[in-house]
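Trainee: Okay, here's the structure, questions in a sec.
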Amino acid sequence: MSTPEFILKSTFGYDTFNSLQREVIANVQARRDTLVVMPTGSGKSLTYQVPALMFDGLTVVVSPLIALMKDQVEQLSALGVPAVFLNSSLSPDEYQRNMDLVKSGQSKLLYVAPETLLTPRLISLLSLLKFDLLAIDEAHCISEWGHDFRPEYRKLADIRKKFPSAVCMALTATATPRVREDIKSTLKISHANEFLSSFNRDNLFIEVLPKREPLEQTLHFLENFQDQSGIIYCFSRRQVDELAAALTHKGFSVRPYHAGLADFERRQNQEDFIRDDVQIIVATIAFGMGINKPNVRFVIHFDLPKSIENYYQEIGRAGRDGLPSHCLLLYSYSDANKIKYFIEQKEEPERSASRQHLEAMTRYAEGSVCRRKSLLSYFGETFANENCGACDNCGADEVDLADITVPAQKFLSCVKRSGERFGAAHVVDILLGSKNEKVEKYKHHELSTYGIGRELSRSQWMHISRQLVERGLLDQEPAYRVLSVTAKGLDMLRSREQMRGQINVAQKSERVGARVKSTSSEEPEYDKSLFALLRNKRKELADASNVPPYIIFSDKTLAQMAAYFPQTKEGLLNMSGMGRVKYERYGVDFLTVIKSYCRENRIEEKYKTPRREKDDAGRRYMAVGDAYNAGESVPNLMKQYDVTADTILNHLARYVMGGNPLRSAEDLIALSNLNSDQQMAVFKAFDLLGSDMLKPVHEKMRGTINYDELKILRLCYLCEKR
Ligand code: ADP
Ligand code: ZN
């Protein structure tokens, strides 16, 4: 007899259930009617799909959106689970064929629109069968208090009476307490059978910026999202068209989406986006209802949304796959005034309600408390942490200033040496040692600054560049964004005076698009080139079977392959999202890509140890210390955890002070910019004053040695002493 865990691993390819998923499944197995309220992307579907595979009979899933039904059926088919749908999009023949598959028991799951389920034809079909589970998706449609009431949904209560032996599940991602009560009383679900998870989406970085030059701000933001999918929401059709044209002009792959376009064009644009043929959709709020694309990496609100409900739903379309994603709202008071103008044209009581919604929205945008905290409290949930670490307001409090003297000098000198004729992206290419055409054309691979910046990532370098512009060390010519070094910059290069700034978390005023990974969604650093190859392979296979790429594998699965380089069947089956059937269908294709890449680049498979569900940030220092001892360099650890050298040094210090020896100090001493006399002087000071506190040593050295250096040397000192 197969367990939910077995099905989870063998069919879906996942290692563990989220806590609530497991409880819901147990409740349904016990044949209790259940209400599931969980945010988008938290894995609601699995809570009825796993029971569906365990019950002998049929599971019927009611869904209001035709596009989503098709998507779910495609996803299940790719996993080898027999499922079909019935709705008005099918031809009579297709309809009959799907009916037959259900009748003969060849299909485990049947997706239907509510009005279809209510037809005598379907009711009589279901009466002939063993009908075990009725799952009602988007269950808030039952309630008149919900934002999306559908009268046919109310009638589902009657269906339940006709099939009393089927367990009933209601699932939704949006439900205020009132709507939840409504669902429970309509479907007669008891309070004890309600499962409510937090609405926090911890993989979303949430940011609000004052809207100044929105186009410039957007372009800036997009620098960090090359080739990554995203949605930009605008207030009006006109704004959509203008922005889409402006971005297209700048060379981005963009399509507009709004109610003014012809149906076929809208559908085509959406399809292109879902299939990764187009990178960005610029849309009015009409976009997103019927899409399930999991790898949306950013959502920008170019204009102010009308309510927090809208806003939360729209940012919720980012990061359904659980990978870090960024949400940016450009806020201006004049946008609020524009909306007010429309509100004043409305009749009561709608007018008052809309005013309240807008006020809440502006209060949120202008607020200085944690964005998460204020969003969640709006939905009646208390967020326990003071600092979420993944919103602009929290990031701003926690600005972690590091010594950026060396990177700043590298950058300035690279601008200078390349002749002050290029933008930041090209300078970063040189620093990273990229082999692109432009670098070669200008012979920039021959510069002494070529490849000297590999310790930082592209986005970290872009961020350094912005800080240099903002502090007047670099000048940026507005038309082509060409950088040149100012007199102040030259001074800095000559004097080598210390400069402090940010490497990761950006400050409020300057932070456009800097990304911060949330701690809980940490994935290992993956090989970007291999990822690109795997993505191409996925696209090729997807096009061949005429499905969106994410039906084949999620980005997360590819990222794991590009992090662990699995080269055997067992290794590949260890990747998240690699079920049995998917392995049989696509395993060899992907193994071939990985193997040849590893051969060319002399990379070996890394063993994937089962990860704890949530990396316990409190014990992160142990993981960092162990990894360092296993041979990881500090720059690698910085990349892996996406933190500054400073943070890594702090972890290592905690590790050592906790009584764990560190391997040799060689790698550490290399981080120091002091000469050996200075280093010796500091070591002597540690001998004299002890190494628990840095302040006495700092004073002893008369403030000539900064704390970053002291931290490095203390670690070396502690290593040597053991
Ligand atoms: P929802 O319906 O709540 O919006 P989905 O059911 O679409 O969310 O799930 C979101 C994503 O998370 C899907 O790609 C799904 O396969 C994945 N997922 C669900 N449960 C798990 C799990 N236990 N482990 C890993 N991934 C999961
Ligand atoms: Zn926060």
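Trainee: What is the distance, in nm, between label points placed 7 Å from the Cα along the Cα-to-Cβ direction at residue 689 and at residue 157?
Mentor: With each label point 7 Å from Cα toward Cβ, the separation is 7.5 nm.
Trainee: Which trypsin sites (Lys or Arg not before Pro) from the range 404-491 combine a DSSP loop assignment with at most 13 other Cβ atoms within 10 Å? Write out the running numbers ahead of the final one.
Mentor: Details: sites: 410, 416, 417, 421, 435, 438, 441, 443, 454, 458, 466, 471, 481, 488; in loops: 421, 435, 443, 454, 471, 481.
Qualifying residues, ordered by number: 421, 435, 443, 454.
Trainee: Calculate how many DSSP beta bridges within the range 4-196 are antiparallel, expressed in % of all such bridges and rounded to the nearest 5. Spell out each step's value before the answer.
Mentor: Working: 0 of 24 bridges.
Percent antiparallel among DSSP bridges in the range 4-196 is about 0.
Trainee: Suppose the Debye formula is applied to equal point scatterers at every Cα of the range 400-507; what is log10 I(q)/I(0) at q = 0.10, 0.22, 0.23 Å⁻¹?
Mentor: Treating every Cα as an identical point scatterer, log10 I(q)/I(0) equals -0.24, -1.22, -1.33.
Trainee: Determine which residues of the range 40-77 fall in the zone a paramagnetic label at residue 130 would reach in this model, i.e. backbone nitrogen under 20 Å from the point 7 Å along Cα→Cβ.
Mentor: Taking a point 7 Å out along Cα→Cβ of residue 130, the residues of the range 40-77 whose backbone N falls under 20 Å are 48-61.
Trainee: Around residue 480, under 14 Å between beta carbons, what's the net of Lys plus Arg minus Asp minus Glu among the other residues?
Mentor: On the way: positive: 250, 421, 438, 481; negative: 216, 420, 475, 477.
With Lys, Arg at +1 and Asp, Glu at -1, the neighbours total 0.
Trainee: Pairs of alpha-carbon atoms within less than 8 angstrom and 6+ residues apart define the contacts here; what relative contact order does the chain have, in percent?
Mentor: On the way: 1140 pairs, mean separation 83.4, N = 722.
Relative contact order here is 12 percent.
Trainee: Using only the alpha-carbon atoms of the range 537-579, report the extent along each of the three principal axes, biggest first, to the nearest angstrom.
Mentor: Cα extents, longest axis first: 28, 17, 16 Å.
Trainee: May I ask you to list the GluC sites (Glu not before Pro) in the range 145-254 that are in a DSSP loop and have at most 13 other Cβ atoms within 10 Å of their Cβ?
Mentor: On the way: sites: 152, 181, 194, 207, 216, 223, 242; in loops: none.
In loop regions of the range 145-254 (DSSP not H, G, I, E or B), there are no sparsely surrounded GluC sites (Glu not before Pro).
Trainee: Now for a different question. Distance between Cα centroids, the range 549-613 to the range 426-483: provide it in whole Å.
Mentor: Value for the Cα centre distance between the two parts: 33 Å.
Trainee: Evaluate the chain: find the radius of gyration of its Cα atoms, find its Kirkwood radius, and give the ratio Rg to Rh.
Mentor: Numbers: Rg = 28.0 Å, Rh = 28.2 Å.
Result: Rg/Rh = 0.99.
Trainee: A further question follows. Measure up 250/293; 44/582; 416/595 against 30 Å on the Cα-Cα distance and list the ones that go over.
Mentor: Working: 250/293 25 Å; 44/582 21 Å; 416/595 41 Å.
Too far apart for the 30 Å limit: 416/595.
Trainee: For the chain, what does -39500 (n - 2.57) per DSSP helix run (n ≥ 4), summed and divided by total residues, give at 222 nm, in deg cm²/dmol to the nearest 500? Don't skip to the answer; put the middle values down first.
Mentor: Values: 35 runs with 347 residues, N = 722.
Calculated mean residue ellipticity at 222 nm is -14000 deg cm²/dmol.
Trainee: Please report the spacing between the Cα centers of the range 121-171 and the range 658-722 in Å, no decimals.
Mentor: 68 Å
Trainee: Give the Cα extents of the range 361-454 along the principal axes, in whole Å, largest first.
Mentor: Ordered largest first, the range 361-454 gives principal extents of 59, 27, 20 Å.
Trainee: Can you compute the radius of gyration and Dmax for the range 1-155, using only the Cα atoms, both in Å?
Mentor: So, for the range 1-155, Rg and Dmax equal 15.3, 43 Å respectively.
Trainee: Name the GluC sites (Glu not before Pro) in the range 295-376 that are in a loop by DSSP and that have at most 13 other C-beta atoms within 10 Å, would you? The partial results should precede the final answer.
Mentor: Working: sites: 309, 314, 344, 347, 350, 359, 366; in loops: 347.
Of the GluC sites (Glu not before Pro), the ones in loops of the range 295-376 whose Cβ has at most 13 other Cβ atoms within 10 Å are 347.
Trainee: Under 16 Å Cα-Cα from residue 340, which aspartates and glutamates qualify once same-chain neighbours fewer than 8 residues away are excluded?
Mentor: 303, 348, 350, 359
Trainee: Can you list the lysines whose alpha carbon is less than 19 Å from that of residue 700, not counting same-chain residues fewer than 8 positions off?
Mentor: 684, 711
Every read-out reported here was derived from the displayed coordinates using simple, explicitly stated rules and does not represent laboratory data. This is a predicted model, so every value here is computed, not measured. As a convention, Cβ positions derive from the backbone with ideal geometry for all residues, glycine included, and neighbour counts pool all protein chains shown.
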